[in-house]
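Structure first, commentary second.
Nothing in this text is a laboratory measurement; each read-out follows from the coordinates by a stated rule. Since we're looking at a predicted model, the values are computed, not measured. Positions of Cβ are generated from backbone atoms using ideal geometry, with glycine treated the same way; all protein chains shown enter the neighbour counts.
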Amino acid sequence: MRSKRFQKLEGRPVNQETFIEPWPEAGLIPADSPLDPSPSLRIEAGEVVEMDGKSRGEFDLIDHFIVSHALNLEVAELAMETPSEQIARMLVDINVSRAEVLDLVSGCTPAKLVDIIRHMNVLEMMMGLAKMRARRTPANQAHVTNRKEHPALLAADAAEAALRGFAEIETTVGVARYAPLNALAILVGSQTGRGGVLTQCAVEEAVNLRLGFKGLTSYSETLSVYGTEKTFLDGDDTPWSKAFLAAAYASRGVKTRFTSGTGAAALMGHSEGKSMLYLEARCLLLTRGAGSQGTQNGSISCIALPVSLPAGVRAVLAENLLAMLLGLEVAAGNDALASHSEMRKSAKLMLQFIPGTDFITSGYGAIPRYDNMFGGGDFDVTELDDWYALQRDMQIDGGIHPVTEEQVLQTRERAVRAIQAVFNVLDFPPISEEEVQAAITAYSSEDMPDRNRVADIKAATNLLYGPITIVDVIAALHQAGYPDIAANVLEMQRQRVIGDYLQTSAVIDQEFKVLNALNDPNDYQGPGSGYRLSGERWEQLAGLPQAWDPRVFLKNTQKPQAKPWFEEIGPAKPGEQIEVLVAVGPAFGAQISQTINGLDHRQVLASILGGIHSQDVEARVVRVYHTSDCAFIGHAGAQLSGSGIAIGIQSKGTTIIHQQNLAPLDNLELFPQAPNLDLETYRQIGVNAALYAQAKPTVPVPVKIDNTARLRLIVQTTLLHLHETAQVKPDLAPVELRVELEEVKNEHQ
C-alpha cells in the first residue's frame with residue numbers, strides 16, 4: 001500500500017537532490033567535526049609556538065604561512081582571550097563598529113574563527129554580513145560564455161550584461177586555445193554596454209597572466225587555495241607561490257581575488273577528518289596572508305556537497321562571513337547550481353541577497369544555462385525578471401537593473417558590429433552579416449551559425465603570442481568609427497596604471513569612478529546607517545518595463561458604445577409574477593463596459609437573459625446604486641423579485657444567484673472567479689436562476705477553479721472594484737433599466 005501524497009512528493013524537484021548523513025572522518029561534515037581542534041595560541045619572544053592545539057614542530061606549511069603572514073600578533077592574545085560568544089555578540093551589536101571587529105578578529109586563529117560562528121544562527125550571520133561587508137554599495141558579477149565560443153555572441157551578451165549593470169563579467173572556454181578571442185570579445189562587448197566593467201577569462205594561470213599583460217583582462221579570481229597541505233601538494237603549488245602569483249597580477253594592474261570554499265578538500269580526498277568550515281577558515285587566512293584583496297567563496301563549484309549535509313547552507317553563509325571578518329572582498333558564490341528546487345535555491349540566495357555582499361553572485365549566468373561553460377549556474381538569463389522583481393519587492397539593490405528590449409537590441413547590435421570591425425582591421429577570420437544579425441536577437445549559441453574553428457584558433461594563438469596588444473584593438477575601434485568604445489577600453493588601461501581598483505572590493509562605475517573599501521566603506525551600524533536604496537537608484541530598480549499605469553487600465557475598460565443600450569426608467573418596484581430579477585452594479589455598462597476577462601457587458605447581459613427566457617420565465621434588469629458588493633447587489637435584487645430569485649453582477653463579472661429569504665452573505669450559487677466565466681456559463685446561470693424561480697430541481701452550474709487567477713489578476717480586480725465603488729450612491733434606491741440587446745442577443749444565440 002502506498003500513500004498517493006508520498007508518491008507525489010517523490011516526484012518533487014527537491015527529491016532529485018542527494019541527502020546524506022555526516023561522516024566526519026571523510027570530511028563530510030559542514031562544521032563542528034569531532035576532529036576539529038580547539039582554539040589556542042601561545043606566543044614566546046614574538047614567535048608563535050603553538051596554534052590550535054599543535055606545537056610549532058607539528059605545523060604544516062599552511063600553519064607556517066598563517067602564523068608568519070596572516071595573524072596580527074599585536075592583538076592576538078587579546079583576541080584569543082576574548083570569549084567567542086562576546087565577539088559573536090559584537091558582530092550583531094549596532095553599537096560596535098566594523099573597524100573594531102576587524103581589528104580584534106585579525107588576531108584570531110582558524111579554530112577561533114570557527115568557534116565565533118558556532119554561537120550564531122543564520123539570522124545573526126546575515127546581520128553580520130550587513131555590517132562587515134567591505135564596500136558600502138553592493139554589486140554583481142556575470143558569466144558570459146557559449147558552447148560555440150562564438151565571438152559575435154560573446155560580445156553581444158557581454159554588452160547586454162554591462163547594460164544591465166553587472167560590475168564584472170567573467171568568461172571561460174571549452175577549448176583552451178580560444179581564450180584570447182573570448183577575452184577580446186567580452187572586453188569590447190562590455191565597454192559597449194557601459195564603460196568601467198571589469199572582465200576576466202578563467203583559464204590556466206600562465207595564459208591568464210599573459211592575457212592580463214596583453215591588456216585583454218582586468219581582474220582574475222583563478223588563484224585557488226586549499227585547507228590541507230596534501231591538497232596543495234596534489235599539483236596546485238603552495239601558499240607562497242600563490243602569493244607570488246597574486247603579486248605578478250598586481251604588478252600589471254590586474255585586480256585579483258583568491259578562490260576557496262567549503263567541500264573542496266573533502267572532494268579531493270584530503271580533508272584529514274576536519275570540518276569543511278574549519279578548513280575554509282584556514283583558506284581565508286591564507287588569502288589574507290598572501291595579500292589578496294578578496295576571495296571568491298561560498299563553496300562555488302563544490303556547492304552540491306555541503307548542501308547534501310545538515311546545516312550545509314549555514315556553513316556556506318558562515319564562510320562568507322568569515323571572509324568579511326578578515327577584511328576581504330567577498331564574491332559570495334550563488335553561481336553553481338545548488339538545487340533542483342526553486343524554493344531551496346532561492347532560500348539559499350536570500351542569505352546573501354538580503355544583507356548584501358560585495359558581489360552577490362560570483363557569476364550570474366547572463367546567458368542560458370545551456371551555454372554556461374562553468375558547469376551550469378544557479379540563476380541564468382531566464383530569471384533576470386525574477387531578480388528584478390525581488391529587488392523591487394524588498395527595496396534591495398541586487399547589483400543589476402531593468403532595461404527595455406529596445407535598449408538591449410541597440411546595444412547588442414553595436415557591440416557585434418564593433419567586434420566585427422576589430423576582426424576586420426586586425427585581419428582575423430571575418431564575422432559575416434549573417435552572424436551579426438543572428439547575434440543581435442539570439443537566445444543561445446544554438447541560434448548562431450558555425451564558424452571555422454581552425455581559423456579562429458589560429459587567430460587566437462596569434463593574438464596571444466604575436467605582437468598585437470590592446471593598443472591595436474583601441475586603434476581598430478577608433479579607425480572603424482567607434483571612438484566612444486575605444487575611449488572606454490583606453491580608460492580601462494589608464495585605470496590599471498593608476499591602480500585604484502586594486503584596493504579591496506573595488507568596482508568602477510560608468511563614470512569611471514572607482515568605489516572601494518577606502519572611499520566607499522561600509523558604515524552600517526543599525527537602522528538609518530549603511531547603504532540605503534533610495535533616490536534615482538530606487539526609481540531605476542522600481543521601474544520595471546512591464547509595470548503598467550493603473551489609470552490606463554481603467555480607461556481601456558471603458559470602450560465607447562456605438563449607441564446607448566440602456567435607459568433608467570424609474571425606481572424599481574417589487575415584482576408580482578414569477579420572474580428573475582437581474583441586478584447590476586452601479587458602474588455596469590456605464591463607467592465600466594467589460595468584465596475582467598474582456599467580455600462586453602451587453603454580451604454578458606444578453607447571455608444571462610437568453611438563459612432565463614429559454615425557460616419561459618420573464619426577466620427584469622435593475623441597477624443597484626447603494627452598494628458595490630456582489631452579495632448585497634444580489635440580495636437587493638432578490639428583495640424586489642416577484643419569485644424571490646435574483647442574479648447579481650458586479651461590473652468585473654463576479655456573479656451570484658440569490659434568494660429573498662437568505663442572508664446577504666448566503667446564496668444559492670456563487671461564481672467568484674470572474675476570469676473563468678464565459679458567455680455560455682453566463683447563459684447557464686440564467687437557466688438555473690429561472691429553474692429556481694419555478695421551484696424546479698436544479699443542478700448547480702459547474703465552475704472552473706483556477707488557483708492562479710487571484711495571483712494574476714488581483715490588481716485588475718482591485719482597480720475595477722475601486723472604480724465601481726466610486727460610483728456608489730448610498731441614498732439612492734435601485735432603479736429599473738430598459739435595455740436594448742436585440743442585436744447582441746441575435747449575434748450570440
With axes computed from alpha carbons, what is the tilt in degrees of helix 679-693 against the longest principal axis of the chain, rounded to the nearest 10 within 0 to 90? 50
What list of ³J(HN,Hα) couplings, whole Hz, do you get for the range 600-617 from phi and the Karplus terms 6.51, -1.76, 1.60, once you set θ to phi - 60° and write x for glycine and proline? 5, 4, 5, 5, 4, 5, 4, 5, 5, 5, x, x, 5, 5, 5, 9, 6, 10
Using modelled backbone amide H atoms (1.01 Å from N, in-plane), which distant-in-sequence or interchain residues come within less than 5 Å of V580's amide H? E618, A619, R620
Per residue of the chain, what 222 nm ellipticity follows from adding -39500 (n - 2.57) for every DSSP H run with n ≥ 4, rounded to the nearest 500? -12500 deg cm²/dmol
In what order do D157, D397, D666 fall by count of nearby beta-carbon atoms within 10 Å, going from fewest to most? D666, D397, D157
Sort C630, C283 so the one with the fewest other Cβ atoms within 10 Å of its own Cβ comes first. C630, C283
Exposed loop GluC sites (Glu not before Pro) only (DSSP loop, at most 11 other Cβ atoms within 10 Å): please give the longest stretch of the chain free of them, not including the sites. 205-510
Amide hydrogen neighbours beyond the local backbone of T361, cut-off 5 Å, H modeled: Q141, A332
Distance between the C-alpha centers of the range 112-155 and the range 179-249? Whole Å please. 18
Please figure out what share of the DSSP beta bridges in the chain is antiparallel and state it in percent, rounded to the nearest 5. 45
How about the range 142-196: which trypsin sites (Lys or Arg not before Pro) there are in a DSSP loop, with at most 11 other Cβ atoms within 10 Å of their Cβ? none
What chymotrypsin sites (Phe, Trp or Tyr not before Pro) does the range 374-445 have in DSSP loop regions with at most 14 other beta carbons within 10 Å? Y443
Go through the range 579-595 residue by residue and turn each phi into a ³J(HN,Hα) via Karplus (6.51, -1.76, 1.60, θ = phi - 60°); whole Hz please, and just put x for glycine and proline. 7, 10, 9, 9, 9, 10, x, x, 9, 4, x, 10, 5, 10, 10, 8, 7
Compute the angle between helix 239-251 and the longest alpha-carbon principal axis of the chain, please, reported from 0 to 90 degrees and rounded to the nearest 10. 80
Proxy reagent accessibility, fewest Cβ within 10 Å first, across S55, S84: S55, S84
Mind checking the dipole of the range 413-489: about its Cα centre, +1 per Lys or Arg Cβ, -1 per Asp or Glu Cβ, Debye to the nearest 20? 260
Sequence gap at least 6, Cα distance under 8 Å: using those rules, report the relative contact order of the chain to the nearest whole percent. 14
Where trypsin sites (Lys or Arg not before Pro) fall in DSSP loop in the range 1-102, at most 12 other Cβ within 10 Å: R2
Could you run the Karplus curve 6.51 cos²θ - 1.76 cosθ + 1.60 with θ = phi - 60° over the range 652-659 and give me ³J(HN,Hα) per residue in whole Hz, x for Gly and Pro? 6, x, 5, 9, 9, 9, 10, 10
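Need one word for the range 346-434: rounded, prolate or oblate. Basis is the Cα gyration tensor (sqrt eigenvalues a ≥ b ≥ c); a/c below 1.5 gives rounded, then a/b vs b/c decides.
Values: a/c = 2.81, a/b = 2.07, b/c = 1.36.
Here the range 346-434 falls in the prolate category.
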Residues whose placed amide H lies under 5 Å from that of C201, excluding near-sequence neighbours: T171
Restraint check, K242/K513; K8/K704; K242/K274; K274/K345, Cα-Cα greater than 32 Å: none
Helix 483-498: angle to the longest alpha-carbon principal axis of the chain, degrees 0 to 90, nearest 10? 40
